[in-house]
1. Can you list the cysteines of the chain that have no other Cys Cβ under 4.7 Å away?
2. Let me have the 222 nm mean residue ellipticity of the chain computed from DSSP H runs of 4+ only, each contributing -39500 (n - 2.57), with the sum over all residues rounded to the nearest 500.
3. Across the Cα atoms of the stretch 3-67, what radius of gyration and what greatest pairwise Cα-Cα distance (Dmax) are found, in Å?
4. Residue-wise, which Karplus ³J(HN,Hα) couplings in Hz belong to the stretch 98-107, taking 6.51 cos²θ - 1.76 cosθ + 1.60, θ = phi - 60°, and x for glycine or proline?
5. Using the beta-carbon distance between L38 and T103 and R0 = 35 Å, what value does 1/(1 + (r/R0)^6) give for FRET efficiency, to the nearest 0.05?
6. Hey, can you rank 63-72, 99-108 by average C-beta count inside 10 Å, highest first?
7. Show me, bin by bin at 5 Å from 0, the whole-percent P(r) of the chain based on Cα pairs.
8. Grab the Cα-Cα distance for E66 and K18, subtract it from 0.36 nm times how many residues apart they are, and report the gain in nm with one decimal.
Amino acid sequence: MKRMKKTIYEYTIEFEDKRDDGNTGFSFPCDENGKIKLDGLSDCAIANYNKCESHPEKFYKYVKTESIAVVYGTCDNCGAEISMNDNGHGEFVCPKCGRRYYTSGTPVNSIYMGK
Ligand SMILES: [Zn+2]
């Protein structure tokens, strides 16, 4: 398996409390256009978001962009993309077919049982 690198971007909507020098506030996942991603947010988080949006006098609002370097490879077996950022286990497992690889990208043949 070949190791490759790419940069992905994550976006968050940040609300900073105007009374507190930016030390308190809320942040929510969003897309590159600043549209909130509601998937996976708790009811409590959504309520907080609505509260922030409805009180622009209380919060500074901006979209923060974070770039993340990702190391990934393509599974020799099924072609799925596998994240190879170091997870501390010394091995990576293909999420699609279950094939295992060492961090070098070499398949763990002795343990691989196939599916
Ligand atoms: Zn695979």
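Bear in mind that the values in this text are calculations on the coordinates, not laboratory data. This one's a predicted model, so the numbers in the text were calculated from it and none came from an experiment. Positions of Cβ are generated from backbone atoms using ideal geometry, with glycine treated the same way; all protein chains shown enter the neighbour counts.
1. By the Cβ distance rule, which asks for a partner under 4.7 Å, the isolated cysteines are C30, C44, C52.
2. Values: 1 runs with 11 residues, N = 115.
Helices in the chain give a 222 nm mean residue ellipticity of -3000 deg cm²/dmol.
3. Radius of gyration, then largest Cα-Cα span, for the stretch 3-67: 13.4, 48 Å.
4. Result, rounded to whole Hz: x, 5, 10, 10, 6, 4, 6, x, 7, x.
5. Values: r = 36 Å, r/R0 = 1.02.
Here the calculated transfer efficiency is 0.45.
6. The densest-packed peptide leads the list: 99-108, 63-72.
7. 2, 11, 16, 14, 11, 9, 10, 10, 8, 5, 3, 1, 0
8. Details: separation 48, 0.36 × 48 = 17.28 nm, distance 2.29 nm.
Net length gain for the segment: 15.0 nm.
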